[in-house]
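Single-structure report; data block below.
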Amino acid sequence: MCQDCGCSITDHIHTDDHSEGHTHSHGDDHAHGHEHSHEHQAAHETLSHNPQLKDSKTIAVITKILDKNNQEAAHNRAHFDKHNVLSINLMSSPGSGKTTLLEHMADMVSFKFGVIEGDLETSRDADRIKAKGIPAYQIQTGSACHLDAFMVHKGLHAMPMDEIDVCFVENVGNLVCPASYDVGSHLNIVLVSIPEGGDKIEKYPVMFRQADLILITKTDLLEHFDYDIEHEKAEARKIKPGVDILEVNIKDAASVQRVIEWIEFKRKMRG
Amino acid sequence: MHEYSVVQALLEQTENVAKENDAQKVTKIIVKIGVMSGVEPHLLEIAFNTFKEKTICDGAEFVMNIQPLTIECQVCKTVSELEKIHYCCPKCGSIDVKVVDGEDMFLMTLEME
Ligand SMILES: Nc1nc2c(ncn2[C@@H]2O[C@H](COP(=O)(O)OP(=O)(O)O)[C@@H](O)[C@H]2O)c(=O)[nH]1
Ligand SMILES: [Mg+2]
Ligand SMILES: [Zn+2]
Ligand SMILES: [Zn+2]
Ligand SMILES: [Zn+2]
Ligand SMILES: [Zn+2]
Ligand SMILES: [Zn+2]
């Protein structure tokens, strides 16, 4: 998994459900001291070495298709935890204001943060963040429309983990694909901007279901659009009843401050 | 189009299971796709049938069982399959609900020879 990176996470967390069928071949390529508690190893062995089963043609597998990604995501979280870094995945359509928000927060925050940037082609966003004196690492995904846990793992080793308190992952601009991939963040923030129109939350429920915080951005443009914020909030809470929602307008420092306070609160509540 | 990435993960997984069972060929593959898993079944099928060629799944039948969103109410304990994406108990109206199924994708069964 990370034989090259020399990371030494000892408290390895397993996400795979060990009550399920055992067909995953995880963990074996860990070159360094991960303490696997593989009680299921024995069961696993009998499964593949049972001659009777070899003859049978139908095998019940019952494993999550993205099992490998989920394991890497848990691994990433263990990295973040070890360094006491809170990791936040930012997701939205292209242009909802993710990078702009990070730029503005840079001048206001009391904590130190870094940014792992995902983009299809360019490193423009990472350059914008670096120009603010914030450590940033650009992942160019090429044709992939989302970040996965393996890409973010590379990014986190490029972060000065001992110098930061929060690591943002700015995902690829897309309300569909990133929703299916756990990247190893602790929290997800999903942005939706007023000019995108008032149907985005209902149209992309899988994405908004992932949100711990929804930011309705560019509220300075409200007067130019038919956008019923209260309706959108109600829609969001049909999908995720307990979700936090804040309104953000980049020209209103108090609204950015509230986002910072939300993050501060979450940092405190993790002890 | 992350359906391509999902299929790649699926093919890798399938190959591993086939190897563990000394199978030469996978003839049928059954997956369970939750309506809230974030993949479009139609696109997944196209992606699978495109990528299965020249893998152990070449020629395999691809069966998708679409799993409705299923919740268990923590108040009245009713288990319901939801038609609309509204996380709320249809019986008592509570929003204190636990998701039982429908948010994930699983490789369920493989038929091999
Ligand atoms: N009017 C207005 N424009 C904004 C606001 N936030 C961001 N923008 C603009 O939206 C555009 C896209 O923002 P960007 O941060 O690059 O979006 P990203 O793709 O989500 O990173 C830029 O031109 C920003 O200046 C806002 O609160 N109000
Ligand atoms: Mg950006
Ligand atoms: Zn490791
Ligand atoms: Zn590592
Ligand atoms: Zn395990
Ligand atoms: Zn996609
Ligand atoms: Zn109920």
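The values are calculated or read from the model by the stated rules, or taken from the named source; none is laboratory data. Note that the structure is a prediction, hence the values are computed from the model and not measured. All Cβ positions, even for glycine, are placed from backbone atoms using ideal geometry, and neighbour counts span all protein chains on display. For accessibility, only protein heavy atoms count, side chains too; no ligands or nucleic acids. Shrake-Rupley method; radii C 1.70, N 1.55, O 1.52, S 1.80 Å.
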Completion exercise
One finds, for residue A:230 and residue B:66 with R0 = 30 angstrom and r their Cβ-Cβ distance, a FRET efficiency to the nearest 0.05 of 0.35
Practice task
Taking only the C-alpha atoms, wrap a convex hull around the protein assembly as shown and report its volume per residue in Å³ as a whole number.
Solution key: 157
Fill in the blank from the handout: Output row B,A: buried area (accessible, probe 1.4 Å, summed both chains) in Å², nearest hundred, equals 2900
Handout entry: Heavy-atom surface of the protein assembly as shown, accessible at 1.4 Å and reported per residue (Å²)
Key = 46
Exercise for the section: List the trypsin sites (Lys or Arg not before Pro) within the stretch A:86-179 that fall in a DSSP loop (any state other than H, G, I, E or B) and whose Cβ has at most 16 other Cβ atoms within 10 Å. Expected result: A:112, A:132
Problem - Extension gain from residue B:95 to residue B:8, taking 0.36 nm per residue of separation minus the Cα-Cα distance - result: 27.7 nm
Handout entry: Cα-based equivalent ellipsoid, the stretch A:97-158: semi-axes from gyration tensor eigenvalues, Å
Key = 21, 13, 9
Exercise for the section: For residue A:265, tell me the accessible area in Å² from a 1.4 Å probe, rounded to the nearest 10. Expected result: 110
Fill in the blank from the handout: Residues other than residue B:57 with Cβ under 14 Å of its Cβ, Lys/Arg counted +1 and Asp/Glu -1, net out at -3
Completion exercise
Lys and Arg at +1, Asp and Glu at -1: neighbours of residue A:264 with Cβ under 15 Å from its Cβ sum to +2
Exercise for the section: Can you quote the Å³ per residue value for the convex hull of the Cα atoms in the stretch B:9-86, rounded to an integer? Expected result: 119
Exercise for the section: Could you check how much of the accessible area of the stretch A:127-253 is carbon and sulfur, as a whole percent, using a 1.4 Å probe? Expected result: 46
Exercise for the section: Could you tell me which GluC sites (Glu not before Pro) in the stretch A:121-229 are loop residues by DSSP with no more than 10 other beta carbons within 10 angstrom of their beta carbon? Expected result: A:121
Handout entry: Carbon + sulfur, % of accessible area of the stretch B:46-113 - ligands and nucleic acids excluded, 1.4 Å
Key = 50
Practice task
Shielding by partners for A:65-78, please: the mean number of other protein chain Cβ atoms within 10 Å of each residue's Cβ.
Solution key: 3
Problem - Cα-centred dipole magnitude for chain B, charges only on beta-carbon of K, R (+1) and D, E (-1), debye, nearest 20 - result: 300
Completion exercise
Calculated from DSSP helices alone, with each H run of at least 4 adding -39500 (n - 2.57) and the total divided by the residues of the protein assembly as shown, [θ]222 nm to the nearest 500 comes to -9500 deg cm²/dmol
Exercise for the section: Take every residue in peptide B:103-112, count the Cβ atoms of other chains within 10 Å of its Cβ, and give the average of those counts. Expected result: 6
Handout entry: Label-point gap, in nm, between residue A:60 and residue A:141 - each point 7 angstrom along Cα→Cβ
Key = 3.6
Practice task
Quote to one decimal, in nm, the extra length available between residue A:112 and residue A:260 on full extension: 0.36 nm per residue of separation minus the C-alpha distance between them.
Solution key: 52.1 nm
Practice task
Quote the Stokes-Einstein diffusion coefficient, in whole µm² s⁻¹, for the stretch A:67-269, based on the Kirkwood radius over alpha carbon pairs, a temperature of 37 °C and a viscosity of 0.692 mPa s.
Solution key: 194
Practice task
In debye, nearest 20, what is the charge dipole magnitude of the stretch A:67-269 about its Cα centre with +1 on Lys and Arg Cβ and -1 on Asp and Glu Cβ, if you could check?
Solution key: 460
Fill in the blank from the handout: Here the whole-number average of other chain Cβ atoms within 10 Å per Cβ of A:118-129 is 0
Practice task
Can you tell me the FRET efficiency between residue B:75 and residue B:40 if r is taken as the Cβ-Cβ distance and R0 is 30 Å, rounded to the nearest 0.05?
Solution key: 0.35
Handout entry: Residue-wise HN-Hα coupling along the stretch A:247-256, computed from phi with Karplus coefficients 6.51, -1.76, 1.60 (Hz; x: Gly, Pro)
Key = 9, 10, 9, 4, 7, 10, 4, 4, 6, 5
Problem - Order by protection proxy (mean Cβ within 10 Å, highest first), peptides B:45-56, A:78-89 - result: A:78-89, B:45-56
